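The values are calculated or read from the model by the stated rules, or taken from the named source; none is laboratory data. Here the structure is a predicted model, which is why all the values come from computation and not from measurement. Neighbour counts are summed over all protein chains in view; Cβ atoms, including those assigned to glycine, are modelled from backbone coordinates with ideal geometry.
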Amino acid sequence: MLRSRFAVVAAVLAIAACSPDTTTPSTARPAGEPASRSTTAADATPLNMTIFPNEIVADGTHLTTARVNVDSVVSCCDRIVHVSSSDPATLPLAPTATVAAGTSFAGIDMFPSVSQRTVVTISATGNGVTVSADVVLDPPGTTIPPTLSSFTVNPTTVNAGTTATGTVTIPNAAPAGGIAINLGSLLPGSAQVPSSVTVPQGATHVSFPITTFAGFPNSTSCVRMFATTSVNEVEGDICVVTGGTNPSPPPLAAPTLLSPSSDSKFAPGTNISFDWTDITGAASYELQIDDTDKFEAPLILDQTVTASQLSTATLPTSTMFWRVRAISSSGASGAWSSVRRFEIKQ
């Protein structure tokens, strides 16, 4: 009998240990309604804000996005920043934007509409810190020309610690004073770029270093970088290899043309020897000859050879142009050489 009482007491204690705490009074709720729980997300601390594009034709169909970068990544849960507009009548915004778990930014999409040029300041606040950026809203019919064409990276895969080269190109020569371009990296701990560069007056591109850093052992981190102006954005990618994996080989260099020299003249039927420098890593070479320097199909000659020279006596009587590029054993093509002109005439 004593043993049975002990068993009952032990069972009661076990049930109590596994049951939720009911010592705190709670507000009664209708039957069937689930218990309430807090859904308030914690604030994130904003670092900076960019708006891309920060000038748009605001006719209600063009999108612009404010990106708010915050101070850290939290994997457990979403956080928020508080959003405001300096002109809520023209550009109303939701009161908060969400920093999703595992990310370090929040996006604020806008489809504004205006009848006259308006500048609105967008602000984001969290933990007592506020960051802001302006967006220029142009009325329908305004023409905003693009200013950036491409963002290229060379090489696109590197060992950690290697410096690569980024190049941003614009469609036309930069005006007086040049064109300022903002740069950024989505993972600066792996691949870092300068904060800004300038395309000099009269130039169509600007190059800059991309500094890379080691990540986890035997890993590859592919990083997206971006270049922005007030009207558009272009992106480039680089993959950073940390130990254990070989990156892609560097691109093949362009051959240097040796002979014939530029504007050489030959009689019909002459056996002409085309010669160029050897390229490290080349398994073969592609030689092209055509009657224009655009090398548009069909070409007069398009031939692949393993040696860094080719001889032929079958070319037509004409003014022609030639160029060469190297090809690797994997089939990757290198850069074209410069172009030379020659002539076969009676």
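For the reader, a short list of remarks on this structure follows.
- From the list Val153, Val114, Val168, the one residue that fits, being touching a Leu at 6+ places or on another chain (Cβ under 8 Å) and closer than 30 Å to Cys222 by Cα, is Val168.
- When the test is whether a residue is under 24 Å from Asp263 (Cβ atoms) and either part of a loop (DSSP other than H, G, I, E, B) or without any contact (Cβ under 8 Å) to a residue 40 or more places away in the chain (or both), Phe295 passes it.
- Scanning the range 307-336 for residues that are within 37 Å of the chain's Cα centre (by Cα) and over 20 Å from Ser264 (Cα atoms) yields Arg325, Ala326, Ile327, Ser328, Ser329, Ser330, Gly331, Ala332, Ser333, Gly334, Ala335, Trp336.
- Among the candidates Gly281, Gly269, the residue that is surrounded by fewer than 15 Cβ atoms within 10 Å (Cβ to Cβ), assigned to a loop (DSSP other than H, G, I, E, B) and not acidic (Asp, Glu) is uniquely Gly269.
- The range 309-330: number of residues that are within 18 Å of Phe342 (Cβ to Cβ) and outside any strand (DSSP E or B): 5
- Set Gly215, Gly161: member being surrounded by 17 or more Cβ atoms within 10 Å (Cβ to Cβ) and not assigned by TED's automatic domain parsing to the domain that holds Ile56: Gly215
- Set side by side, the residues Val305, Val241 differ, and just one is closer than 30 Å to Gly215 by Cα and either surrounded by 15 or more Cβ atoms within 10 Å (Cβ to Cβ) or modelled with pLDDT under 95 (or both), which is Val241.
- The single residue among Ile179, Ile170 that is under 20 Å from the mean Cα position of the chain (by Cα), buried (at least 19 other Cβ atoms within 10 Å of the Cβ) and farther than 26 Å from Gly334 by Cα turns out to be Ile179.
- Test for Glu296: is it under 37 Å from the mean Cα position of the chain (by Cα), within 23 Å of Ala326 (Cβ to Cβ), acidic (Asp, Glu) and loosely packed, with under 13 Cβ neighbours inside 10 Å: yes
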